[in-house]
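Visitor: Sharing a structure here in structure tokens format.
The values are calculated or read from the model by the stated rules, or taken from the named source; none is laboratory data. Every value quoted in this text rests on a predicted model; they were computed, and no experiment measured them. All Cβ positions, even for glycine, are placed from backbone atoms using ideal geometry, and neighbour counts span all protein chains on display. Please note that ligands, DNA and RNA were not included when accessible areas were found on the heavy atoms of the full protein model with its side chains. Shrake-Rupley method; radii C 1.70, N 1.55, O 1.52, S 1.80 Å.
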Amino acid sequence: MGWLSVIALIVAALALVWLFRKLDFEKALALASERYLFHAMESIDSGIELYDERDRLVFANSGFKKLFPL
């Protein structure tokens, strides 16, 4: 492998590092997980609600909203 190939690999690796930092991979993964959880809970016909540590309603699926309009 010639030195130009090595330089090309290094540049490609640095570009990937920059891209992952730019996209902030952990935030993207958390957002995808949140969307997955939302769709899973929304697909359940019965009412589901989630409360925070102060007993405030933070999520209610459409089944819950049909039973108890907010």
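Visitor: Which of the following residues is in contact with a helix residue (DSSP H, G or I) (Cβ under 8 Å, 6 or more places away or on another chain) and open to solvent by less than 70 Å² (accessible area, probe 1.4 Å): Ser62, Ser5?
Guide: After applying the criteria, what remains is Ser62.
Visitor: Among the candidates Ala15, Ala28, single out the residue that is under 20 Å from the mean Cα position of the chain (by Cα) and free of Cβ contacts under 8 Å to residues at least 60 places away in the same chain.
Guide: Ala28
Visitor: Follow-up question, since we're still on this one. Can you name the residue in the stretch 31-55 that is open to solvent by 60 Å² or more (accessible area, probe 1.4 Å) and among the aliphatic types (A, V, I, L, M) and is also modelled with the lowest pLDDT among such residues?
Guide: Only one residue fits best here, namely Leu31.
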